[in-house]
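Enquirer: Encoded as structure tokens, here's the structure I'll be asking about.
The values are calculated or read from the model by the stated rules, or taken from the named source; none is laboratory data. From a predicted model like this one, the values you see are computed outputs, not experimental measurements. Here the Cβ is made from the backbone with ideal geometry for all residues, glycine too, and neighbour counts use every protein chain on show.
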Amino acid sequence: MDDITSILSKYPEGVTENLIPVLQEIQDSTSYLNGEIVQAVAAYLKIPAVKIYSVATFYNEFRFNPGGHYHIQVCQGTGCLLDGSEQIRRELMRLLEIGPGEITRDGWFSLEWVPCLGVCQEAPVISINGKIITNMTPAKVKEVIAQYRKSR
Amino acid sequence: MIQEMTNRINPRELQEILLLEKPELNQEQQAMIRFLRRERISRPAVFLDVTSPSVIYGIDQFKVAVKEWGENNALDVDVVETGSLGLISAEPVIGIQIPGRARLYYGQITPLKLPSILDAVVRQVVPEENLIGQMLMASQQPWEGIPFWDQHPFFKGQTRYLMNLCGVIDPCSASEYIAWGGYQAFAKSLRYYTSQELLKLIEESNLRGRSGSGFLAATKWLKVANTPSDKRYVLCNADESDPGGYMHRILMESNPHLIIEGIMLAAYITGSGQAIIYTRSRYPMAVKRLQKALQEARSAGLLGSDILKSGFSLDIQLKRGPGAYVCGEETAILSSLEGKRGMPQNRPPYPATQGLFDKPTLVHNVETLAQVPLIIRNGPEWYKKTGTAESSGTKLFSLSGRISRLGVVEVPFGTPLKTLVNDFGGGVRNGQPLKALLLGGPSGKFVTATQIDTPIDFEHFEEEDLVMGSGSLVVLDEGCCPINLMKNLMDFNHQESCGKCIPCRDGTKRVLSILKSVTTRPANQEKFDALERFRGITRIEELAEVMKSTSLCGLGKTAANPVISGMKLFREEMEEHVFDRICRAGVCRNLRSFRIDPVNCTGCNICMIKCPENAIIGSPHKVHIIMEDICSGCGKCYEVCKFNAIRVL
Amino acid sequence: MIIEIDVNGRKIKARKGERILDALKANGIRVPTLCNMDGFKPTGSCRICVVEVEGRPDLVPACSYPVEEWMVLYTHSPRVIQARRTILELLLAEHPEGCLTCDRNRGCELQELADELNISCQNLSHVQVSKRIDNTSRALIRDNAKCILCGRCIRICEEQQAVAAIDFLHRGSRIEVGTVLDKGLSYSSCVNCGQCILVCPTGALKERNHMNDVVRSLHDPELLTIGLVDPAVMASAGEYFRSKGGKELRTSLFSALKRAGFNRVYENHWGLEKEATILTNKFLQQIDANSQKPMFLSSCPSFVQYVIQSQSDLIPLLAPVKPARQLMPMLLRKQISAETGWPESRIVVVYLTACIAAKPEAHTSIGPGSDGYGPDHVLSIREMYRVIRLLGINIDKLGVEMLPDEFGGNARSGYLPALSGGMTEAIIRILQSDASETSLPGGRPARLRGTREIREFSVQAKGRTFQMASISGLTNFKNWYQDVLDKNRHFDLIEVMACPGGCINGGGQPIAGPHTDIKSRAKMVFELDNLYSGISPSEDLPLPPGLELPLQATLATFLPREIIK
Ligand SMILES: Cc1cc2nc3c(=O)[nH]c(=O)nc-3n(C[C@H](O)[C@H](O)[C@H](O)COP(=O)(O)O)c2cc1C
Ligand code: SF4
Ligand code: SF4
Ligand code: SF4
Ligand code: SF4
Ligand code: SF4
Ligand code: SF4
Ligand code: SF4
Ligand code: SF4
Ligand code: FES
Ligand code: FES
Ligand code: FES
């Protein structure tokens, strides 16, 4: 809570237009948002709490769960689409039994669809905690997931 | 001597120089400029293209590799981070320059290959493997018999006005940008011209918005400048989220100062004291570079109050868009900047009269603003020489999909599409025939091979009913299923719809569900999906028409574009999907079905065990059977059968 | 500037810059709307109001597009009708097919629209979407499956009520209306005013239903069911029945309730008069104590809730007086039990009211029999109407059979508190009961009357001048009070009613679309008040016989809402 207060104090009180930068900065340091943060920001910026929740749920960037130990991002750029990222997504959802924006029960994996990762030549592409894995196939997905599961 | 100069390079000093109309440079100053342009170096330098794609290809390892090589050879080597030349498929790209000789660019090299290349170059030998070409540089001796990089098919024929410094200079350094003539347009404008005069230039230049609509920029500028208000804003729309589009990212990462100068000029001309760059959180490198570049411009005295003692004050803020495609729409950005949900607003009032915090706001695309310094620097007459009668200047395109060379190209308006694909892009990958192009991303339209001669300009695009979009060009070959792509683009629009208005929120959902029913084989064909398939197809055009004419913002209005154009162009394939239930490209895997050849089947049981849908029945050593209505077409059985008994239908 | 535009081939006059919708309305052309709310900034989100403008490729929303000189409009061209129908079909394709069991059946804007646009078959296959029902609140229930995301409730809650308990959450097709962290209304800042119900075009919002409990109790011979009718009921109940004057409606409504099985039916008049008396005493005490602070009336539960959560510095300023709706059930139980020997535990008091916020309040007191204070069940006017219908009573055919039962003594101002400013007027009547001090013609502070939402006035009584204000609508209050603080203005007595106009516009009132005619409801109240205001109440409103309670002592000591929290 202390860092939240110190982040807040960098912004003028009651200026609603700073809501998004404030949330971004808080999330950068806490990695996700929760009710306590929402209430603190609401009180400081003088915005109804529900508005903050409403704004935060509108944008992809804000999260209300901590995210998995391994955060898997799947490229949904056109390059990857043409080369079958759909299969990759489906395979991941089937294997992990979660959808995008969700986190497995054990907290080990979370899934997210992201725009072009910039390696379209090697499509389809996924990224696990920032590590790019290229030329994915459903079979490779299985392997990779098994590998990461083992590291538990 | 040069080393001494490095420490003395002072942006302020340069600023003085650039301020002079016809700068009379003394020797030392000329040397300084040459040093900054790296037309004079005292030791070998390696230029690393550090941009987001090259980072993925591991450009960071090269820093270490170069350093090691330097240590091994007891040589001091400068390592300079630059932006990208635009040729993404050649990443990692590296420039090598030794004193007195022209810079050489290499692509697709590995840290292992690097030392041998460096060894050769310092010995004045140029290995030709992986070579892109040499760069023509003043007072640097060109390599004999070595092609120049602009003869490389990817670059030959491009008109690189915006891109000319990309991959050449250190992107964030204001000094380097200035040494290449940057910020002069701005400085001169402040010194010698009134905003009215400059506005005239913009009007005469025929500058048109690069985000797709081709809207005449001057119309907006006049509105903003002439709406009475105590405050005005310039908003640079850098929220590029088209899947398939990455030209803004490359430009922001490779030459942020150009964009910043464009914003400065726009602000001065429209009388705005505040400007905002709205870019994406997901572009961390672009954010970092823009931030650093802004910092440098600030310390060079080009931002702040009373800039260059002209009385004009300007502040540029960088905001990170927290991730929503619809926040590329101009009124949605305004909502987002005001701390609200990024939902588009009704127009009128237009942002030009009532924008951010209800003040007149000039909203432009990154690329549009980057054109402004060119126009001011060279004058509208010069500018209009490039391009066509009604579309002046150049346009950036990002090439992706099934194309041999991927990257960002800059072409004058009027260039035929064919040139982009065949010449710059090197044609379809693996020499396959071209099936179609998709221009304009998720709100774009397909272009078939027959239309590929169309020149790229607003006139012809309107005539041919094509969408230019912000410049993403996706190449499809016969291995791509357009129906499946249509479905995926609709899925994107559906996910990215803000949900405010019914035609878009529910329309995209409905069209998506129709397309899904067309591209998948439902477990039970009698049910909902089959009904949806036939009923839906008959209504898809009507839904699209209503979405187009009634949606609140551009997203909903154009969401059905790919579907409508695709249904026209790929009627046959659509019918195959709908009636014959096959996908000739084999992409809609769900449409495949499998059958077991009783002659070959040994009853080994393995397919039954592996089938994820439990669609196979049979007892050991007897012929197995696939229940077609349960089979999802995954192909697992086909993969595992060792007896070649599974047939694809 | 008045200009002429061409609509459907006819010229009509319009003001330049006004919304197309308003111009059309003024000229008798109806264009359907869903998300529009007059008096609020248009959002243009439903797109059902689109019209065709010659020369434009797309259709424009009439509710938000301004009129311009050159316009040639078509409001019902085939293209427009097709677009509206398709939009509606898209909505209906995901809307539950549950009209028959829906609260808003036959009173639903969506249903009417489907009828108006002649949707005769569903060309888009129907999809069942499961969406969460928020039934955490004791006042109202949200069924998001029926929500068409018009955003009207959100705007009312934020812009009119300054509460902002709800907003859009998520994006795209996952968008829904919800509360902070999706926890449900009872964990939000909702003050239970029910204003959102009044503006919802569909059955997505409704009050928590107490009907079944009441009907069961009416049929149970073991229970004595007592009706307690709030004056605001009388203001609008006529809208459900063939219109009658206030007096007839009063008697026939009471007859109907008796026929429905209420053993006794009382008006809340005496209680309200008593409340006014106690408030007056408190007020005078405070004045005598020379307090510089204003006293806030605490009659409106939503206002009290609002103060507790958003303006807690005002809590000490709330009049520490139990409202009549809490006081009367207790007195009635005591009295009836004393009279008839019926055990208090089997006396059920049903409060019939316009106030949704009375529902959670009732739950916080204890059920039949205990020495709880509040009513056992609370029926909104809408529910009351349903009970009457359910039990087969045709109110229009009822003569003057029965009058309300008598309780307490004469009440003069019993009708007034249905209106914003009414309780204040009741207090003024008491203050000015020495006729000589009456400062205003006819003994009636004229500026108090009417439906204006912010009223300030000074009143002469007891040899001095009091500054008073009556405010309705919470945003009105918020802004007004900020201004009072900023300008350091002084008030002695402030009455705040959460619903604009007061209980005649309460969350339990009949839903008459977004433009409820409050004025005619107010007129009805004045009409009834005229009939009874001649009565002079006994000076100190003695307690009814047989009730020996240290009432005065207990009454004054607690805040109504402490128990609600
Ligand atoms: C859904 C949607 C997304 C958009 N995304 C972008 C974008 O990512 N980048 C952009 O520059 N313009 C985008 N636009 C266009 C902007 O609304 C706006 O027209 C543009 O910034 C104006 O710039 P211009 O005049 O320079 O073309 C988008 C529009 C819509 C409707
Ligand atoms: S068209 Fe789509 S994105 Fe645009 S306002 Fe409507 S719902 Fe939102
Ligand atoms: S795997 Fe092949 S051989 Fe074995 S049971 Fe299946 S079809 Fe027959
Ligand atoms: S294709 Fe897949 S689902 Fe169909 S039978 Fe073979 S393994 Fe089973
Ligand atoms: S909300 Fe209206 S349309 Fe929906 S079920 Fe209820 S009555 Fe029918
Ligand atoms: S209106 Fe039609 S659907 Fe509704 S109850 Fe009557 S017959 Fe049934
Ligand atoms: S009842 Fe009142 S406070 Fe609660 S959500 Fe509805 S309008 Fe808002
Ligand atoms: S609950 Fe009712 S008023 Fe609120 S958004 Fe849904 S349909 Fe509209
Ligand atoms: S104004 Fe009346 S109906 Fe509305 S909340 Fe207050 S007491 Fe209830
Ligand atoms: S489309 Fe996936 S990396 Fe570019
Ligand atoms: S999905 Fe259709 S050609 Fe394939
Ligand atoms: S009423 Fe006009 S858009 Fe909803």
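Enquirer: Please pick out the residue among C:V191, C:V163, C:V199 that is touching a residue at least 12 places away in the same chain (Cβ under 8 Å), closer than 17 Å to C:S302 by Cβ and within 16 Å of ligand 12 (Cβ to nearest atom). Full working, then the answer.
Expert: Values: C:V191 fails: within 16 Å of ligand 12 (Cβ to nearest atom); C:V163 fails: within 16 Å of ligand 12 (Cβ to nearest atom).
When all the criteria are applied, what remains is C:V199.
Enquirer: Please report, ordered by residue number, the strands (runs of 3 or more DSSP E) entirely within the stretch C:152-231 with at least 3 residues that are more than 10 Å from every other protein chain (Cβ to nearest Cβ) and either more than 19 Å from the chain's Cα centre (by Cα) or among the aliphatic types (A, V, I, L, M) (or both).
Expert: C:224-229
Enquirer: How many residues, within the stretch B:324-334, are farther than 15 Å from B:S497 by Cβ and at the interface with another protein chain (Cβ under 10 Å from one of its Cβ atoms)?
Expert: 0
Enquirer: Let me ask something else about it. If you check every pair at least six apart or on different chains, which have Cβ atoms under 6 Å apart with a residue in the stretch B:512-527 that is modelled with pLDDT under 85 first and a residue that is part of a helix (DSSP H, G or I) second?
Expert: Final answer for the pair search is B:T520/B:N590; B:R521/B:N590; B:R521/B:L591; B:P522/B:D529.
Enquirer: Can you name every residue in the stretch B:311-333 that is within 16 Å of ligand 10 (Cβ to nearest atom) and either modelled with pLDDT of 95 or more or within 24 Å of B:Y268 (Cα to Cα) (or both)? Can you show your working first?
Expert: First pass over the stretch B:311-333, keeping only residues within 16 Å of ligand 10 (Cβ to nearest atom): B:325.
Selection gives nothing.
Enquirer: Continuing with the same structure: Which of the following residues is away from ligand 5 (no atom under 16 Å from the Cβ) and either within 23 Å of A:D83 (Cα to Cα) or surrounded by 15 or more Cβ atoms within 10 Å (Cβ to Cβ) (or both): B:N600, B:N590, B:N614? Talk me through it step by step, then tell me what you get.
Expert: Numbers: B:N600 fails: either within 23 Å of A:D83 (Cα to Cα) or surrounded by 15 or more Cβ atoms within 10 Å (Cβ to Cβ) (or both); B:N614 fails: either within 23 Å of A:D83 (Cα to Cα) or surrounded by 15 or more Cβ atoms within 10 Å (Cβ to Cβ) (or both).
So the residue among B:N600, B:N590, B:N614 that is away from ligand 5 (no atom under 16 Å from the Cβ) and either within 23 Å of A:D83 (Cα to Cα) or surrounded by 15 or more Cβ atoms within 10 Å (Cβ to Cβ) (or both) is B:N590.
Enquirer: Here's something else I'd like to know. Scan the stretch B:184-201 and give yes if some residue there is touching an Asp or Glu at 6+ places or on another chain (Cβ under 6 Å) and more than 16 Å from ligand 4 (Cβ to nearest atom), otherwise no. Outline the logic, then answer.
Expert: Within the stretch B:184-201, the first condition is being touching an Asp or Glu at 6+ places or on another chain (Cβ under 6 Å), and the residues that meet it are B:186.
Then drop every residue that is not more than 16 Å from ligand 4 (Cβ to nearest atom), which leaves B:186.
Yes, there is a match, as at least one residue in the stretch B:184-201 is touching an Asp or Glu at 6+ places or on another chain (Cβ under 6 Å) and more than 16 Å from ligand 4 (Cβ to nearest atom).
Enquirer: If you don't mind, another one. Quick test for you: out of B:K509, B:K516, B:K500, pick the one residue that is within 23 Å of A:Y59 (Cα to Cα), within 13 Å of chain C (Cβ to nearest Cβ), among the basic types (K, R) and assigned to a helix (DSSP H, G or I).
Expert: Working: B:K516 fails: within 23 Å of A:Y59 (Cα to Cα); B:K500 fails: assigned to a helix (DSSP H, G or I).
One residue alone meets the criteria, B:K509.
Enquirer: A follow-up question, please. For the stretch B:489-496, state whether one or more residues are more than 16 Å from ligand 7 (Cβ to nearest atom) and away from chain C (no Cβ under 14 Å). Write out each step before concluding.
Expert: Our first condition is that a residue be more than 16 Å from ligand 7 (Cβ to nearest atom); within the stretch B:489-496, this holds for B:489-496.
From what is left, the residues that are away from chain C (no Cβ under 14 Å) are B:489.
For the stretch B:489-496, residues more than 16 Å from ligand 7 (Cβ to nearest atom) and away from chain C (no Cβ under 14 Å): present.
Enquirer: To continue, here is another question. Tally time: how many residues in the stretch B:57-92 are within 13 Å of another protein chain (Cβ to nearest Cβ) and surrounded by fewer than 19 Cβ atoms within 10 Å (Cβ to Cβ)?
Expert: The qualifying residues number 2.
Enquirer: Now for a different question. The conditions are (1) surrounded by fewer than 24 Cβ atoms within 10 Å (Cβ to Cβ); (2) away from ligand 5 (no atom under 16 Å from the Cβ), and C:N144 fails exactly one of them. Which is it?
Expert: (2)
Enquirer: Suppose the filter is surrounded by fewer than 15 Cβ atoms within 10 Å (Cβ to Cβ) and within 14 Å of another protein chain (Cβ to nearest Cβ); does B:E639 pass it?
Expert: Working: surrounded by fewer than 15 Cβ atoms within 10 Å (Cβ to Cβ): yes; within 14 Å of another protein chain (Cβ to nearest Cβ): yes.
It is true that B:E639 is surrounded by fewer than 15 Cβ atoms within 10 Å (Cβ to Cβ) and within 14 Å of another protein chain (Cβ to nearest Cβ).
Enquirer: Before we move on, is C:L73 away from ligand 1 (no atom under 16 Å from the Cβ), closer than 24 Å to B:E545 by Cβ and not hydroxyl-bearing (S, T, Y)? Break it down stepwise before answering.
Expert: Numbers: away from ligand 1 (no atom under 16 Å from the Cβ): yes; closer than 24 Å to B:E545 by Cβ: yes; not hydroxyl-bearing (S, T, Y): yes.
The answer is yes for C:L73.
Enquirer: Does C:C121 satisfy the criteria of being outside the structural domain of C:L34 (by TED's automatic domain parsing) and either within 16 Å of ligand 9 (Cβ to nearest atom) or not hydroxyl-bearing (S, T, Y) (or both)? Spell out how you get there, then give the answer.
Expert: On the way: outside the structural domain of C:L34 (by TED's automatic domain parsing): yes; either within 16 Å of ligand 9 (Cβ to nearest atom) or not hydroxyl-bearing (S, T, Y) (or both): yes.
Yes; evaluated as a whole, the condition is true for this residue.
Enquirer: Related question: Pull out all pairs, ordered by first then second residue, where Cβ-Cβ is under 8 Å, the residues are six or more apart or on different chains, the first lies in the stretch C:219-230 and is surrounded by fewer than 24 Cβ atoms within 10 Å (Cβ to Cβ), and the second is in a loop (DSSP other than H, G, I, E, B).
Expert: Qualifying pairs under 8 Å: C:H219/C:G261; C:L223/C:P368; C:L224/C:N263; C:L224/C:W342.
Enquirer: Condition first: under 15 Å from C:I427 (Cβ atoms) and in a helix (DSSP H, G or I). Can you find one or more residues in the stretch C:323-335 that meet it? Step through it out loud before you land on a result.
Expert: Within the stretch C:323-335, the subset under 15 Å from C:I427 (Cβ atoms) is C:323-324.
With in a helix (DSSP H, G or I) added as a condition, the list becomes C:324.
The answer is yes; a qualifying residue exists.
Enquirer: Answer yes or no: is there a residue in the stretch C:89-103 that is under 30 Å from C:S130 (Cα atoms), within 12 Å of chain B (Cβ to nearest Cβ) and touching a Leu at 6+ places or on another chain (Cβ under 6 Å). Give the steps one after another, and end with the answer.
Expert: Here is the first cut: in the stretch C:89-103, the ones under 30 Å from C:S130 (Cα atoms) are C:89-103.
Next cut, within 12 Å of chain B (Cβ to nearest Cβ) only: C:89-95.
Within this subset, residues satisfying the condition of being touching a Leu at 6+ places or on another chain (Cβ under 6 Å) are C:89, C:93.
Yes, the stretch C:89-103 contains a residue that is under 30 Å from C:S130 (Cα atoms), within 12 Å of chain B (Cβ to nearest Cβ) and touching a Leu at 6+ places or on another chain (Cβ under 6 Å).
Enquirer: List the number of the failed condition for C:P323; all other conditions in (1) at pLDDT below 90; (2) surrounded by 22 or more Cβ atoms within 10 Å (Cβ to Cβ); (3) over 30 Å from C:S472 (Cα atoms) hold.
Expert: So C:P323 meets the others, but not (3).
Enquirer: Does C:D38 satisfy the criteria of being surrounded by fewer than 22 Cβ atoms within 10 Å (Cβ to Cβ) and either facing chain B (nearest Cβ under 9 Å) or more than 30 Å from C:I156 (Cβ to Cβ) (or both)? Walk me through how you get there before you give the answer.
Expert: On the way: surrounded by fewer than 22 Cβ atoms within 10 Å (Cβ to Cβ): yes; either facing chain B (nearest Cβ under 9 Å) or more than 30 Å from C:I156 (Cβ to Cβ) (or both): no.
No.
Enquirer: Restricting attention to helices (runs of 4 or more DSSP H) lying wholly within the stretch B:237-323, give those where 1 or more residues are touching a helix residue (DSSP H, G or I) at 6+ places or on another chain (Cβ under 7 Å), within 14 Å of chain A (Cβ to nearest Cβ) and within 26 Å of B:L473 (Cα to Cα).
Expert: Values: elements: B:247-254, B:256-270, B:284-299.
Output list reads B:247-254, B:284-299.
Enquirer: Tell me which of these B:G431 doesn't satisfy, since it passes every other one: (1) under 23 Å from B:G167 (Cα atoms); (2) surrounded by fewer than 21 Cβ atoms within 10 Å (Cβ to Cβ); (3) more than 21 Å from the chain's Cα centre (by Cα).
Expert: With (1) under 23 Å from B:G167 (Cα atoms); (2) surrounded by fewer than 21 Cβ atoms within 10 Å (Cβ to Cβ); (3) more than 21 Å from the chain's Cα centre (by Cα) applied to B:G431, the lone miss is (1).
Enquirer: Any residue at all in the stretch C:8-18 that is in a strand (DSSP E or B) and under 30 Å from the mean Cα position of the chain (by Cα)?
Expert: Filtering the stretch C:8-18 down to residues in a strand (DSSP E or B) leaves C:10-15.
Then drop every residue that is not under 30 Å from the mean Cα position of the chain (by Cα), which leaves none.
No, every residue in the stretch C:8-18 fails to be in a strand (DSSP E or B) and under 30 Å from the mean Cα position of the chain (by Cα).
Enquirer: Now a separate question. Among the residues of the stretch A:63-70, is any surrounded by fewer than 23 Cβ atoms within 10 Å (Cβ to Cβ), within 18 Å of the chain's Cα centre (by Cα), in contact (Cβ under 8 Å) with a residue 24 or more places away in the chain and farther than 26 Å from A:M136 by Cβ?
Expert: Yes.
Enquirer: Also, I was wondering about something else. May I ask you to say which residue of C:L100, C:L88, C:L59, C:L124 is crowded, with 20+ Cβ neighbours inside 10 Å and at pLDDT below 95? Write out each step before concluding.
Expert: Details: C:L100 fails: crowded, with 20+ Cβ neighbours inside 10 Å; C:L88 fails: at pLDDT below 95; C:L59 fails: at pLDDT below 95.
Result: C:L124 is the single residue among C:L100, C:L88, C:L59, C:L124 that is crowded, with 20+ Cβ neighbours inside 10 Å and at pLDDT below 95.
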